[in-house]
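Participant: So that we are looking at the same thing, I have put the structure below in structure tokens.
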Amino acid sequence: MKKTVFLLALAGTAGLSAAQEMGRVISSTPVVNQVGVPRQVCTTEAVPVQVAKSGAGAVIGGIAGGAMGNAVGGGSGRAAATILGCWAAPFLGDRIEGSGPTQMQTCRTAPRRLLRKPDDCLQRGLRIRWQAVLGANAK
């Protein structure tokens, strides 16, 4: 009994799967969504750059400090004054030289942000209108 019911059910589903609907396409229109498409943006901008010091202020300060210490000191104090002048004056010479001028340098930056262009469309599918054809008119 169970075998007979199973075979009848199997035959019924096979008959339903073989049934087809025939039709004639009247129109098909694309269904689109307006979407933003990611865009990478690179920019060129001016960036301030600090110019490196030359070190000439420290060298000239050391020489001038040693000469002044040698001129000021007398006897055994002359050597100490010369060493103190050679040691302290480069710091003063470096401060007098100061930092170099700031220059503007043009740099191209990497993509930072994504802009969206709203007028791009993405096709989702097709809207199809059709008319059913029955019987022998299916061709």
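Participant: Regarding Arg24, is this residue surrounded by 10 or more Cβ atoms within 10 Å (Cβ to Cβ), at pLDDT 80 or above and either touching a Pro at 6+ places or on another chain (Cβ under 7 Å) or in a strand (DSSP E or B) (or both)?
Facilitator: Judged against the criteria, Arg24 is a match.
Participant: What are the residues in segment 72-88 that are more than 26 Å from Ser99 (Cβ to Cβ) and either crowded, with 18+ Cβ neighbours inside 10 Å or modelled with pLDDT of 85 or more (or both), if any? Even if it seems obvious, please write down each step before you answer.
Facilitator: Going residue by residue through segment 72-88, those that are more than 26 Å from Ser99 (Cβ to Cβ) are 72-84.
Across segment 72-88, the qualifying residues are Ala81, Thr82.
Participant: Here's something else I'd like to know. Report yes if Gln34 is surrounded by 10 or more Cβ atoms within 10 Å (Cβ to Cβ) and either in contact (Cβ under 8 Å) with a residue 40 or more places away in the chain or within 49 Å of the chain's Cα centre (by Cα) (or both), otherwise no.
Facilitator: Judged against the criteria, Gln34 is not a match.
Participant: I've got another one for you. Which one of these is modelled with pLDDT of 65 or more, closer than 30 Å to Ala110 by Cβ, among the polar types (S, T, N, Q) and open to solvent by less than 90 Å² (accessible area, probe 1.4 Å): Thr43, Thr4?
Facilitator: Exactly one of Thr43, Thr4 is modelled with pLDDT of 65 or more, closer than 30 Å to Ala110 by Cβ, among the polar types (S, T, N, Q) and open to solvent by less than 90 Å² (accessible area, probe 1.4 Å), namely Thr43.
The values are calculated or read from the model by the stated rules, or taken from the named source; none is laboratory data. For clarity, every value in this text was computed on a predicted model and none was experimentally measured. All Cβ positions, glycine included, derive from the backbone under ideal geometry; neighbour counts span all protein chains shown. All accessible areas refer to the heavy atoms of the entire protein, side chains included, with ligands and DNA or RNA removed. Shrake-Rupley method; radii C 1.70, N 1.55, O 1.52, S 1.80 Å.
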